[in-house]
Amino acid sequence: MKVFSLVANTYLLDTPEGPLLVDSGLPGENRKLLGHLGDMKPAALLLTHHHLDHVGGARMLWERLRLPIYAHPLDIPFICGVQRRPPFPPIPWLGDWVANSPKPVPGEALRPVDEGALVMGWQVVHLPGHTPGQIGLYKQGVLIAADALRVGPRGPLISPAMVNHDTAEARRTAGKIARLDVQIIHVGHGPPTTPEAVRALALRLGV
Ligand SMILES: [Zn+2]
Ligand SMILES: [Zn+2]
């Protein structure tokens, strides 16, 4: 697994079916993303959720590589531009423009995946709350939780309410992660964390 530090962590997973890219940075980070990829051509892209710091390179990669793009059915309407994203940050005008700045991904590129689906040997885990269709990937004790959690100087947290679709659901998702059989948890923002730290968070959140 390679990790590219864009505004949000972007993961390149080695699979027997080729490289699987997880998330794609901000729209303004396309050049940086291509620099990280070098000669590596991802066989597929998985978008953990519809936020602009994760889907920014999706349209550009599809135009170059015509690769399949996996995402959860609840976030696909935002990713392909059928539904407008909620303002981000939650302020009028600018927030709406910022949230919807990624170019829509054509529907024909998108492959819906839900809980339990296998994507190139990795299992999809539905981790709703931050967005309705936030997903993670699990394989052999490794979980990529993306923005279902973030990791600050004092350990894992859930994202702040103002950037969540449903914070109560995001808390319950932290409990779900705490009950998974994992050894390491990678997140969208911050360094990896441990199941012990997530169990302590779940206890504090009462989930
Ligand atoms: Zn993010
Ligand atoms: Zn996010």
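HIS54 - would you say it is touching a residue at least 24 places away in the same chain (Cβ under 8 Å), out of contact with any helix residue (DSSP H, G or I) (no Cβ under 8 Å at 6 or more places or on another chain), under 15 Å from VAL22 (Cβ atoms) and within 16 Å of ligand 1 (Cβ to nearest atom)? Even if it seems obvious, please write down each step before you answer.
Details: touching a residue at least 24 places away in the same chain (Cβ under 8 Å): yes; out of contact with any helix residue (DSSP H, G or I) (no Cβ under 8 Å at 6 or more places or on another chain): yes; under 15 Å from VAL22 (Cβ atoms): yes; within 16 Å of ligand 1 (Cβ to nearest atom): yes.
Criteria met by HIS54.
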Review point. If we only count helices (runs of 4 or more DSSP H) wholly inside segment 1-113, which ones have 2 or more residues that are modelled with pLDDT of 95 or more?
Key: 30-37, 52-55, 58-65, 76-79
Exercise for review: Enumerate the pairs (first residue in segment 164-190 and touching a residue at least 12 places away in the same chain (Cβ under 8 Å) and within 18 Å of PRO86 (Cβ to Cβ); second residue anywhere and β-branched (Val, Ile, Thr) and within 15 Å of ligand 1 (Cβ to nearest atom)) with beta-carbon separation below 6 Å, excluding pairs fewer than 6 apart on the same chain, so at least 6 apart or on different chains.
Suggested key: HIS165/THR131; ALA170/ILE158
Exercise for review: Considering only segment 142-159, state which residues are at positive phi and within 11 Å of ligand 1 (Cβ to nearest atom).
Suggested key: ALA146
Check your understanding: Restricting to strands (runs of 3 or more DSSP E) lying wholly in segment 137-202: which have 2 or more residues that are within 16 Å of ligand 2 (Cβ to nearest atom) and not hydrophobic (A, V, I, L, M, F, W, C)?
Key -> 150-152
Exercise for review: Can you work out which of the residues in segment 121-137 that are touching a residue at least 24 places away in the same chain (Cβ under 8 Å) and surrounded by fewer than 19 Cβ atoms within 10 Å (Cβ to Cβ) is nearest to the chain's Cα centre (by Cα)?
Suggested key: PRO132
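The values are calculated or read from the model by the stated rules, or taken from the named source; none is laboratory data. Computed from a predicted structure; not experimentally measured. Backbone-built Cβ (ideal geometry, glycine too); neighbour counts: all protein chains shown.
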